[in-house]
Amino acid sequence: MTSQVYSHVVGEGVRTEVCDYCLARPGVYAEMESVSTLRRCSRCQVTYYCGRDCQKSSWREHREECLYLQKMKPRVPSDTVRLIIRILLKTGRDEPETLPNGSVRKFSDLMTHEADVLASPVRVDAFNYFLKIIQLCFGSDRFQPKL
């Protein structure tokens with residue numbers, strides 16, 4: 001059984017080597033179509049793509065991210081913060097996803113660890129720190145904690 005990832009971020013260490021849309025790593029696998037270099041998003045200059053097709057396919061997901069990355073330039077939030085933001089932006093669209101076995105999942109399915117997080121002062125502090133960075137990216141009224 002396979003399914004699409006709910007959300008992902010290409011890590012800073014390999015960002016220039018991995019397509020942000022299809023996650024291909026050109027030049028590493030002999031069976032992949034030869035691509036000498038990935039193309040960087042000309043607006044935010046953070047994400048990289050195999051080519052125009054991947055960049056175009058990614059635009060629906062990347063559009064809001066691209067805007068906040070431009071705003072934050074030259075600073076780029078950590079991979080963890082970028083992943084949290086991608087998840088938050090995706091939840092705003094509230095689109096359910098059908099898995100290969102026919103079941104449906106939504107963002108609320110990711111909330112199974114809420115009690116564990118709230119029981120850990122270290123985790124709560126970390127999420128509060130992440131929230132401050134997210135609010136710098138989008139403004140303090142866009143994402144508010146529900147605690």
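The values are calculated or read from the model by the stated rules, or taken from the named source; none is laboratory data. All of these numbers come straight from a predicted model, not from anything done at the bench. Here the Cβ positions follow ideal geometry from the backbone for every residue, glycine too, while neighbour counts run over all protein chains shown. Note: accessible area is taken over every heavy atom of the protein model, side chains too, but ligands, DNA and RNA are not part of it. Shrake-Rupley method; radii C 1.70, N 1.55, O 1.52, S 1.80 Å.
Over region 68-147, what percent of the accessible surface lies on carbon and sulfur atoms, probe 1.4 Å? Before the final figure, lay out each step's value.
Working: 3130 of 5400 Å².
On region 68-147, the fraction of accessible area on carbon and sulfur atoms equals 58 percent.
Among all stretches of the chain without exposed trypsin sites (Lys or Arg not before Pro) (DSSP loop, at most 16 other Cβ atoms within 10 Å), which one is longest? Don't skip to the end; give the middle numbers.
Values: sites that count: 43, 75, 106, 142, 146.
For trypsin sites (Lys or Arg not before Pro) (loop position, at most 16 other Cβ atoms within 10 Å), the longest site-free span of the chain is 1-42.
For residue 79 and residue 144, FRET efficiency with R0 = 22 Å and r from the beta-carbon atoms, rounded to 0.05? Mind dumping the intermediate values first?
Working: r = 23 Å, r/R0 = 1.06.
The pair residue 144/residue 79 has a calculated efficiency of 0.40.
Label points 7 Å out from Cα along the Cβ direction at residue 60 and residue 124: separation in nm?
In this crude spin-label approximation the distance works out to 3.9 nm.
Helix 121-138 sits at what angle to the longest principal axis of the chain, using alpha carbons and giving 0 to 90 degrees rounded to 10?
60 degrees
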